[in-house]
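Take a look at the structure below.
The values are calculated or read from the model by the stated rules, or taken from the named source; none is laboratory data. Note that the coordinates shown come from a computational prediction; the quantities given were computed from them, not determined experimentally. All Cβ positions, glycine included, derive from the backbone under ideal geometry; neighbour counts span all protein chains shown. All accessible areas refer to the heavy atoms of the entire protein, side chains included, with ligands and DNA or RNA removed. Shrake-Rupley method; radii C 1.70, N 1.55, O 1.52, S 1.80 Å.
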Amino acid sequence: MSDHIRMNSLYNLGPEPIWRYFEEICEIPRLSKNEDKIRKYLIEFAARHRLESKEDEVGNILIIKPASRGFENKKPIVLQSHMDMVGEKNADNPHNWLEDPIVPYIREEWVAARGTTLGADDGIGIAVQLALLSDSEIRTGRIECLFTVDEESGMTGAINLKPDFFTGRILINLDSEDEGILFIGCAGGMDTLITMDYLPVKVPEGFEAFDISVTGLHGGHSGDEIHKGYANSVKIMTRLLSSLSTQYEALVSRFDGGNLRNAIPREAFATIYANPFFSIEIQKSVSEFSRTMKDEYGTLEPEMKISIRQGTLHGNAMDKESQNRLLSALTACPHGVVSWSKEMENLVETSSNLASVKFIEDNKIRIITTQRSSIESSKHDISSTVEACFRLAGAEVQMTDGYPGWKPNITSEILRVTRESYKRLFGKEPLVRAIHAGLECGLIYEKDRNMDMISFGPTIRGAHTPEEMISIETVRMFWDLLLDVIANIPEEKANQN
């Protein structure tokens, strides 16, 4: 990235070290399972600052800042973020996620990216860790900065983390997205993966092709934003295709909706073949359907666009029986909030996300869904419901092992310290909540029930979408809070004889 772009984007923001490191991180491609470049960057950072570092067999990295003189008796703490990010862009954006840098810019009081996800989830956590590690003026006890891999696509870094990789038993997770909220619990999650076969059939003589698209939806994080009622492009496309199939005997030859397991799908594309006799009626039906959807979603989806245009015949269509089974199963598949917590106000307890549908090779269709719950049995129950929808349609279903939730501890010492710091700095009480999204804290807690953990961060909106942005003011608040918490970590208790 050129110096000119830097100076016109984040150069003058404060705290300066955080934004400087964040810009450097934006230049490094780091999708899940492609973290080699960011790992190299972190190892080189540690060497440049003469800090001890180590890497485990799955690629997690630990960088250690030793205790300052006079602070050796402070309890060591672990600061934890994840290296990877979600790569989402609009269909017409040429961004190459394996090579191209993210281009951040200032949008009023926010920092956003040009046409892609920003990667503040969790690039800002990494930047804060690096700012702390590189500042010799900050006097602290021992700080262990843990950077995990593959959080966004399976949490395999946290799953394979060894408890003895670090020594601290106080952990601050830097992967939250709401300033003013301290998170002390999270949902567990799992994926239910479906594969359906179909028979390719020859398109009847004289049939025309139509390309249909659903675009402009909000999308969003399937944990943080599942309760907001945003439209699901896969569900909308399914509803439209079902109608066209019933009314006009339309044949489906392509269905491509959604991309990521942990994002509410924003776009969907399909190609149908139909008798040209129905051409005008089909186009009128799509226009009427578009008006109906806009009326149903109102101000929730102001940019929704459902369109149809003449396409090109390119290959076979699905056989009618497979098409009916697919559309019926997608219609029946649950999406959204399943139940709310009985113990914590305004917390989603259980949800399911119909994340993506894609035609793949060998006449198969791949469907990805994700289930979350703060109750383990409920997580498996909703997964079984999804399974039943597709097994009745003759599909193969596989369930992943998933990851556990993190049980809240309201008597936590790090919660007490953080609450006191927040009140002292900002003159008000923070909210204390659990989060419906998955955090690596659940997996870490499963390995060591003695870990004392909390999660907090700045305000991020639109995570996992090209509308992702981070509040500039709350980054400073995040930094100030973290420094104050670290300064007030208690000392180790002396051994009693």
*Regarding residue 231, is this residue in contact with a strand residue (DSSP E or B) (Cβ under 8 Å, 6 or more places away or on another chain) and either surrounded by 18 or more Cβ atoms within 10 Å (Cβ to Cβ) or not hydroxyl-bearing (Ser, Thr, Tyr) (or both)?*
no
*Does residue 336 satisfy the criteria of being on the phi > 0 side of the Ramachandran plot and open to solvent by 20 Å² or more (accessible area, probe 1.4 Å)?*
no
*Being under 18 Å from residue 258 (Cβ atoms) and either of a type outside the set (A, V, I, L, M, F, W, C) or touching a Pro at 6+ places or on another chain (Cβ under 7 Å) (or both) is the filter here, so list the residues in the range 77-94 that pass it.*
87, 88, 89, 90, 92, 93
*Only one residue in 393, 388, 355 is touching a residue at least 40 places away in the same chain (Cβ under 8 Å) and either out of contact with any strand residue (DSSP E or B) (no Cβ under 9 Å at 6 or more places or on another chain) or farther than 25 Å from residue 151 by Cα (or both), so which one is that?*
393
*Is there a residue being outside any helix (DSSP H, G or I), modelled with pLDDT under 95 and crowded, with 23+ Cβ neighbours inside 10 Å anywhere in the range 406-415?*
yes
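Table: residues versus (1) in contact (Cβ under 8 Å) with a residue 24 or more places away in the chain; (2) open to solvent by 30 Å² or more (accessible area, probe 1.4 Å); (3) touching a Leu at 6+ places or on another chain (Cβ under 6 Å); (4) within 27 Å of residue 223 (Cα to Cα).
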| position | (1), (2), (3), (4) |
| --- | --- |
| 448 | yes, no, no, yes |
| 453 | yes, no, yes, yes |
| 456 | yes, no, yes, yes |
| 459 | yes, no, no, yes |
| 465 | yes, no, no, yes |
| 470 | yes, no, no, yes |
| 483 | yes, yes, no, no |
| 488 | yes, yes, no, no |
| 493 | no, yes, no, no |
*Could you figure out which of (1) in a helix (DSSP H, G or I); (2) among the polar types (S, T, N, Q); (3) open to solvent by less than 10 Å² (accessible area, probe 1.4 Å) isn't true of residue 474?*
(3)
*Which condition does residue 440 not pass, out of (1) within 17 Å of the chain's Cα centre (by Cα); (2) open to solvent by 10 Å² or more (accessible area, probe 1.4 Å), if it passes all the others?*
(2)
*Identify the residue in the range 33-50 that is open to solvent by 30 Å² or more (accessible area, probe 1.4 Å) and of a type in the set (A, V, I, L, M, F, W, C) and, among all such residues, is farthest from residue 257 (Cα to Cα).*
47
*Quick one: is residue 421 surrounded by 17 or more Cβ atoms within 10 Å (Cβ to Cβ), of a type in the set (S, T, N, Q) and more than 20 Å from the chain's Cα centre (by Cα)?*
yes
*Can you name the residue in the range 298-308 that is open to solvent by 60 Å² or more (accessible area, probe 1.4 Å) and either in contact (Cβ under 8 Å) with a residue 12 or more places away in the chain or in contact with a Pro (Cβ under 8 Å, 6 or more places away or on another chain) (or both) and is also nearest to residue 210 (Cα to Cα) among such residues?*
305
*Restricting attention to the range 66-89, does a residue exist that is open to solvent by less than 60 Å² (accessible area, probe 1.4 Å), part of a helix (DSSP H, G or I) and of a type in the set (Phe, Trp, Tyr)?*
no
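Matching residues to (1) under 12 Å from the mean Cα position of the chain (by Cα); (2) of a type in the set (A, V, I, L, M); (3) modelled with pLDDT under 95:
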{"position": "84", "(1), (2), (3)": "yes, no, no"}
{"position": "88", "(1), (2), (3)": "yes, no, yes"}
{"position": "93", "(1), (2), (3)": "no, no, yes"}
{"position": "97", "(1), (2), (3)": "no, no, no"}
{"position": "104", "(1), (2), (3)": "no, no, no"}
{"position": "109", "(1), (2), (3)": "no, no, no"}
{"position": "115", "(1), (2), (3)": "no, no, yes"}
*Scope the range 393-403; condition crowded, with 17+ Cβ neighbours inside 10 Å and in a loop (DSSP other than H, G, I, E, B); matching residues*: 393, 395, 402
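Table: residues versus (1) modelled with pLDDT of 95 or more; (2) among the basic types (Lys, Arg).
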| position | (1), (2) |
| --- | --- |
| 10 | no, no |
| 22 | yes, no |
| 25 | yes, no |
| 45 | yes, no |
| 55 | yes, no |
| 75 | yes, yes |
| 78 | yes, no |
*What is the residue count in the range 39-65 for residues that are within 15 Å of residue 149 (Cα to Cα), part of a helix (DSSP H, G or I) and without any contact (Cβ under 8 Å) to a residue 60 or more places away in the chain?*
3
*Qualifying positions in the range 309-327 - open to solvent by less than 70 Å² (accessible area, probe 1.4 Å), modelled with pLDDT of 95 or more and either over 15 Å from residue 243 (Cβ atoms) or among the hydroxyl-bearing types (Ser, Thr, Tyr) (or both)*: 317, 318, 319, 320, 322, 325
*Search the range 206-226 for residues that are in contact (Cβ under 8 Å) with a residue 60 or more places away in the chain and pair each with any residue that is open to solvent by 30 Å² or more (accessible area, probe 1.4 Å) and among the aromatic types (Phe, Trp, Tyr) when their beta-carbon atoms are under 6 Å apart and the residues are at least 6 apart or on different chains.*
213/269; 218/230; 220/230
_Condition check: within 20 Å of the chain's Cα centre (by Cα) and not in a helix (DSSP H, G or I). Does residue 224 satisfy that?_
yes
*Scanning the range 366-392 for residues that are of a type in the set (A, V, I, L, M, F, W, C) and either at pLDDT 95 or above or part of a strand (DSSP E or B) (or both), which turns out farthest from residue 318 (Cα to Cα)?*
382
_In the range 329-365, the residues that are within 12 Å of residue 198 (Cβ to Cβ), assigned to a strand (DSSP E or B) and not aromatic (Phe, Trp, Tyr)_ = 360, 364, 365
_Filter pass, residue 290 being farther than 23 Å from residue 367 by Cα, open to solvent by less than 60 Å² (accessible area, probe 1.4 Å) and without any contact (Cβ under 8 Å) to a residue 24 or more places away in the chain_ = yes
